[in-house]
Amino acid sequence: MSQTRIITLFNQSGGVAKTTLTQNLGYHLALKKRRVLLVDMDPQASLTTFMGLEPDELSISIQQTIVDNKPLPIYPEPIHGMALVPADINLAASEMQLSSAIAREYRLKNGLLDVQDNYDFILIDCPPSLGLLSIISLTAATHILVPIQCQFKSFKGTELLLSTITQVRSHTNPRLQFAGFVPTMFDGRTAQESRTLKAVQEQLSEIGTVYPPIPKTIAFADASERRVPLALFDKNHPAVGILKKIANSIDKLELKL
């Protein structure tokens, strides 16, 4: 059995920092000398862009693996110590192209089989939807990590998210485990966000670890504009220490036998 931990970062809501977490947690794991592969499964290709590539200039992307069963197109050079499977806008058409495909939910899982033992961690950045690309990503994973924005609307959306996880466990991936929940974009100055954080901690801790909240800060956007993880943009930023703690916890995740 492979010892690779394959973690899908998933939330059907957009703007909850899935891509930011994927890049930054991957970077901190790489700093610990872990072999890390990032997989961009979002047609918006934000992770690909954050890593310094131009999606519209790529000759091949994850779309060919998902639709045509081609080998994973791992970018030939490491970026910030991590390997990357990029995405582009062509991925948006894959759900329609796979509408009648047999075992379509397993396309990424099968694509990873030939390479996963080359890595300690594979982090998959999901699109903000409950569609097929997300189901494919969850089917391929050993664990799910859920970013939750510290606002009431985002917190209420976890009911639908948990229902989706239950269905995935029932039909395509019975061994899927929770890596935990990461409260994001937290502003402790507002009463609503403080109440939401407390609710997340109280109600979701029975399902999985609730990690320390990631603060709301423009520094993440600035780092993304520079195409670097936050620690390379501002190593002294308070969020860097929180990301490092989360990465240390993720490094200790165990696989279900």
Checklist entry - Thr49 fails exactly one of the following numbered conditions: (1) surrounded by fewer than 21 Cβ atoms within 10 Å (Cβ to Cβ); (2) within 27 Å of Ser13 (Cα to Cα); (3) without any contact (Cβ under 8 Å) to a residue 40 or more places away in the chain. What is the number of that condition? => result (3)
Checklist outcome for this item: Log entry, pairs with first residue in region 158-178 being closer than 25 Å to Gln201 by Cβ and at pLDDT 95 or above, second being outside any helix (DSSP H, G or I) and open to solvent by 80 Å² or more (accessible area, probe 1.4 Å), beta carbons closer than 6 Å, six or more apart or on different chains, reads Gln177/Lys256
Checklist entry - Which numbered condition trips up Gln64, out of (1) outside any helix (DSSP H, G or I); (2) of a type outside the set (D, E, K, R); (3) free of Cβ contacts under 8 Å to residues at least 24 places away in the same chain? => result (1)
Checklist entry - Which residue pairs have Cβ atoms closer than 6 Å, lie 6 or more positions apart in sequence or on different chains, and pair a first residue in region 186-197 that is over 17 Å from Ala219 (Cβ atoms) with a second residue that is charged (D, E, K, R)? => result Glu193/Asp187
Checklist entry - Restricting attention to region 195-208, which residues are farther than 16 Å from Phe178 by Cα and either touching a Cys at 6+ places or on another chain (Cβ under 8 Å) or among the hydrophobic types (A, V, I, L, M, F, W, C) (or both)? => result Thr196, Leu197, Ala199
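This table checks each residue for (1) open to solvent by 60 Å² or more (accessible area, probe 1.4 Å); (2) under 21 Å from Val36 (Cβ atoms); (3) not aromatic (Phe, Trp, Tyr).
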{"site": "Pro128", "(1), (2), (3)": "no, no, yes"}
{"site": "Leu132", "(1), (2), (3)": "no, no, yes"}
{"site": "Ile136", "(1), (2), (3)": "no, yes, yes"}
{"site": "Ala179", "(1), (2), (3)": "no, yes, yes"}
{"site": "Gln192", "(1), (2), (3)": "yes, no, yes"}
Checklist entry - How many of the residues making up region 13-46 are surrounded by fewer than 19 Cβ atoms within 10 Å (Cβ to Cβ) and either in contact with a Leu (Cβ under 7 Å, 6 or more places away or on another chain) or not in a loop (DSSP other than H, G, I, E, B) (or both)? => result 1
Checklist entry - Does Pro183 count as over 27 Å from Ser99 (Cα atoms), open to solvent by 10 Å² or more (accessible area, probe 1.4 Å), in contact (Cβ under 8 Å) with a residue 24 or more places away in the chain and touching a Phe, Trp or Tyr at 6+ places or on another chain (Cβ under 8 Å)? => result no
Checklist outcome for this item: Scanning region 1-12 for residues that are polar (S, T, N, Q) and crowded, with 20+ Cβ neighbours inside 10 Å, the one nearest to Pro147 (Cα to Cα) turns out to be Asn11
Item to check | Residue list for region 83-111, filter: under 17 Å from Ile60 (Cα atoms), in a loop (DSSP other than H, G, I, E, B) and open to solvent by 80 Å² or more (accessible area, probe 1.4 Å) | outcome: none
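What about Gly180, is it in contact with a strand residue (DSSP E or B) (Cβ under 7 Å, 6 or more places away or on another chain) and at positive phi?
Yes, satisfied.
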Item to check | Qualifying position, being at pLDDT 95 or above, under 22 Å from Arg227 (Cβ atoms), of a type outside the set (D, E, K, R) and out of contact with any Cys (no Cβ under 6 Å at 6 or more places or on another chain), among Ala87, Ala17 | outcome: Ala87
Checklist entry - Taking region 199-243, which residues are open to solvent by 60 Å² or more (accessible area, probe 1.4 Å) and under 30 Å from Glu54 (Cβ atoms)? => result Lys216, Ile218, Glu225, Arg226, Arg227, Leu232, Phe233, Lys235
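The values are calculated or read from the model by the stated rules, or taken from the named source; none is laboratory data. Remember, predicted model here, so these are calculated numbers, not experimental data. For neighbour counting, all protein chains shown are included, and Cβ atoms are generated from backbone atoms with ideal geometry for every residue, glycine included. The area values use the complete protein model at the heavy-atom level, side chains included, leaving out ligands, DNA and RNA. Shrake-Rupley method; radii C 1.70, N 1.55, O 1.52, S 1.80 Å.
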